[in-house]
Every structure is written in structure tokens, then in C-alpha cells.
1. With θ set to phi - 60°, apply the Karplus curve 6.51 cos²θ - 1.76 cosθ + 1.60 along the stretch 126-138 and write out the HN-Hα couplings as whole Hz, x wherever there is a Gly or Pro.
2. Excluding Glu324 itself, what net charge comes from residues whose Cβ is under 11 Å from its Cβ, given Lys and Arg +1 and Asp and Glu -1?
3. I need the calculated FRET efficiency for the pair Thr417 and His146, taking r as the beta carbon distance and R₀ as 56 Å, to the nearest 0.05.
4. Would you please name the chymotrypsin sites (Phe, Trp or Tyr not before Pro) within the stretch 127-221 that are DSSP coil residues with at most 16 other C-beta atoms within 10 Å of their C-beta?
5. For the stretch 419-471 and the stretch 45-113, write down the distance between their C-alpha centroids in whole Å.
6. For a quick check of understanding: with a 1.4 angstrom probe and all protein chains in place, what accessible area in square angstrom does Ser193 have, to the nearest ten?
7. What full-extension length gain, to one decimal in nm, is calculated for Tyr429 and Ile476 as 0.36 nm per residue of separation minus the Cα-Cα distance?
8. Run down the aspartates and glutamates and flag those whose C-alpha is under 15 Å from the C-alpha of Lys316, throwing out any fewer than 8 positions away in its chain.
Amino acid sequence: MKVYRENRKFIKSWLLHLLTIICIHKNIFNIALVASQVLNNKNNEPMFISRSEAFKFAVGDTITLPCEVTHPGSYMLAWKRGIAILTVGQVKVSPDPRVRLVNGNTLQIRDAVPSDAGDYICQIASFEPQEITHHVEILIPAKISHVTSGGHLQVKKGSPVRLECSATGNPMPNITWTRKNNLLPNGEEKFVSPSYVIENMDRHKGGTYICTANNGVGQTASSQISLHVLYPPEITLEQATVYSGEGQTAEISCIVHGETTPQVSWLRDTVPIDPHNEHFSMDNRGTRYTLTVRRVRSQDFGNYSCVADNQLGKNKKNIRLSGEPRAPVIRSNAQSQWRDKYNISWTVDSYAPIEEYKLYYKLLSNNPPIGYGNHLDIHQNSDSYPNNANYMDNTNIHNPYDSFSSYSSFYKRAHNTDWTDIVLQPYPYTTHYTQGMSFIIRELLPDQQYEAKVIARNRYGWSEFSERFVFNTALIDTEARDMEVKHYTSATSSIFTSSNELKFLLNLKFSLFALHYTRLNLC
């Protein structure tokens, strides 16, 4: 009995040990089996090669979205957009005819439209679904959606105006303003903004304004705004004075702008001109209005008025029809050949013969050269004489004066900047339209600058002055002089018949100055 119990105990211990061994091996097997299954599942499970991406397509493009998978096996791939299923496996579910699968699982959508934008999901229908998501953005070309007043705008002169332009597109377009065949009122070629403001409108700021929308997608979009400025008539004159002659045909014209188009009439002084009067004719081409006077008579000379009138106001400009000469034109060289005289010449246009000229000239500076009075302190009827050494050192310089009183006259002339005028009679008498004359101005200072002007008179009156003319005398003569030297003054004239006499008188004069200087020192 005791042996039986011991054997039984041994058998029980052995069975427990065996069961333990069996359990251990079974767990190892199970672990290995599980590991093998996991390994086998990992190798056979589909995996995405494609990654989630963001794509941009323009309207009209073909959308192509990749979904590449390794070891798809029997697993189904599906394309979804939100809750809508587009494809399952190779079966297209979406009713949209633009949708299809290409090159296996690549989703393609033809002719993209803005509503195609969004997220597209490629999914593997496994126990735990795997998926990638592509984001699609649709680029939309710019399109003008609104412009001020539908593209036609009227504004009164002096008022401000705001031009606006709106556009749609993706990305949001930029708006650029330009003006057709012109710069913008601020002087710029273009301006970038959804709106453009113009202050204080006038007719010069009107025209066609163009807003252009651009976002870099496709073609730019543009729209025009025609801006009309309403303003009273504005008149500009081609000539304020029209010159003519008896028997000639004269055209008097004015340029008239106005919105609305003005009515234009003509006055002679304050009397309206009858448009049916055969002596006159009226015409206009565009904004240019012309009154033609046929076979001008002396009584036709005078004032005429161009009168323009529209709904916003009235304007008038005066034009003079004149038989007087035009302003003379001085045509001589600005540099004299001589130091003490200048040959001035001019022409003048006149239908009537010139009867008289007036020549004006004056010294522009009061700095005569050394030896010609700039260091002399001489006064008429004065006992003060020069004691400047520079004066005595220049005895070789030509000086045309023969008496002490002449130095006082010279001093005044050297420092006098008042106008000197000379009345001249034309010679020879001519009836040519373009007439002219030359005259030698004498008793000038060497190396000095003078200003001259001329007016002319015919039977109808005096012309306007010629334009300002400046000439210079020479420091030394550049043209050989005659042996006879002439000097003219307004009261008397003296003629030296030889240069030896002149030198003798000058030496006598300087000797007297030296004697007087010595007498003063002795006193």
C-alpha cells in the first residue's frame, strides 16, 4: 500500500512536469505562430507609395491624382470625396462623365471647374482602413464683375469722381488703372488699386479709363469707363492779333471746347455779324471755328469776338484784326566788329509800307574798361581832375575826346543806363511785305554789353516792340578803319582828319593834367 502511494505520487509529479513541458512548448509554438502570421500579414498587406499632396489646377485643366499601392492583393481601393464614393476597385461609381481611373488607380477628372476644388481620399478597404488625402485647389482666371455706372459716367467740371472696378478669380486679382492714349491725371502711366479718385474734374481729365484685372492665371481681364466731363465753353485763341492789309483775305479763328457742344457766333465790336453777309463767311472743323473776312477794307480793322454758349454757361474771347506792322525781328550778329559802334539790322512784315522806325538802345553795365572812365572821378564844371596812375599809363589807348568837358560827357555816358531813342526814316521806300533796315549806332563804349529794341509804324499805327536783343562791342576793332575818324554827338560833331592830330591833342591834354596835378601837390 505504501509503495502504491509512492508510485502514485511519482506518476502525478511526472505528469505535472510533462504537462508543464507541454504547456511551455505550446506557448512557444503559439508565439511563433503568431509572429509568423504577423510577419506574413506585414509582407502581404498593401502599402501606399503615393503621399498626401496639395495640387493646383487651372479651370479647364485635367486633374490627375496619384494613388500607388504595393501588394494590393485582394484588398479593394476606393476613391472618395467627402461622403461621395467615386470609384471602388476598377468600378466607377460617380455619375460624372469626366471622372475615370487611369494607369491603375490614378484618378483623373477632365475639364476642371471651380467646384472640383476640395479634398480627395484614396482608401484601402482593409480591416483597419488606410488612406491618403489629396487637396485640390482650382485656379480661376480674373474676371471683371463690376465697374462704376456700367462703364459710362458724366460729371460736372470741378466735381470729384471715384472710379471703381471689382473682379473675381483665384487667387484674388490685382486691379490696374490706365487711360486710353493718355497718362492718368496725376501724371502716372498706371495706378494699382480697386478704385481711382480724381479731384476737381476738368475737360483735360476726361476720356476712357481702363481697369485691368490680373492674377497670373490665364488671360487678363479688362473693362472701360467712358468719363464725360460736363463744362461750360472754353475758348483758346490761335492769335490774339491777326495782321492783314487792304484787299487781303483775313482769317480769324478760335478753338472752342464744351460739353455739350456749344453754339458759336461772331461779333464785330458789340454787333453780331450776319452769317448771310457775303463780306464774311463762317466755318468750323471740329473744335476750330473760323471767321473769314473777304477783301479787307480799312473799316474792317478793329475788334472781333468769338462767342460760345451751351447749357452750362457762356464764354467770349476778343481778337483784333490789325493793319499795323508785325513786331520787327532783329537779325544782326550779336558781336560788333568795332569797339565804339554797332551795325544793327532788322526786318518787319507789313502789308502797308513802313513810314517810320524807332530804335532804342541802352548800356546794360556801368563798368567801362580801364582808361575809359571807370577810375575817373570827373564832374562837369569841377576842378577835380584824375590823379590815378592807371589813367596816365594808358595814353596809348584811343580816346576820341578833344576837350576837358568831353570827359564829363564821357563819364555820364559810361554810367548812363537809360534808353536812348533814335527816329529813323525807311530808305528806300518799299511796298514789299517783308521790309527792313540797317543802322550804325555810334559813340558806344568798347567791350560793353547793350540792349536794343525796335518798333515800326505804317499808316495804321505802331507795331509791338521787337524781342529783347543784346549785343556786345569789341575790345579792339576787328575790321580796318578808314583813315578818317568821325565822332558824332547829339549837339555838335567833330572830325579829326588824321590820327597825328588826335595824338597831339591827347598828349596836350595829359600834359595839362600832369601840370595841374603838380600844382596841387605844391600847394
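1. 9, 4, 10, x, 10, 7, 10, 10, 9, 9, 10, 10, 9
2. Values: positive: Arg320, Arg326, Arg457, Arg459; negative: Asp349, Glu464.
Charge balance in the 11 Å sphere: +2.
3. Values: r = 70 Å, r/R0 = 1.25.
The value I calculate is 0.20.
4. Working: sites: Phe127, Trp177, Phe191, Tyr196, Tyr209; in loops: Phe127.
Those satisfying the criteria are Phe127.
5. Centre-to-centre (Cα) distance: 98 Å.
6. Using a 1.4 Å probe on the heavy atoms, I get roughly 30 Å².
7. On the way: separation 47, 0.36 × 47 = 16.92 nm, distance 3.56 nm.
Using 0.36 nm per residue and subtracting the Cα-Cα distance, I get 13.4 nm.
8. Cα-Cα hits under 15 Å: Glu234, Glu238, Asp269.
The values are calculated or read from the model by the stated rules, or taken from the named source; none is laboratory data. Being a predicted model, the structure only gives us computed values, none of them experimental. Note that we place each Cβ from the backbone using ideal geometry, even for glycine, and neighbour counts take in every protein chain shown. Please note that ligands, DNA and RNA were not included when accessible areas were found on the heavy atoms of the full protein model with its side chains. Shrake-Rupley method; radii C 1.70, N 1.55, O 1.52, S 1.80 Å.
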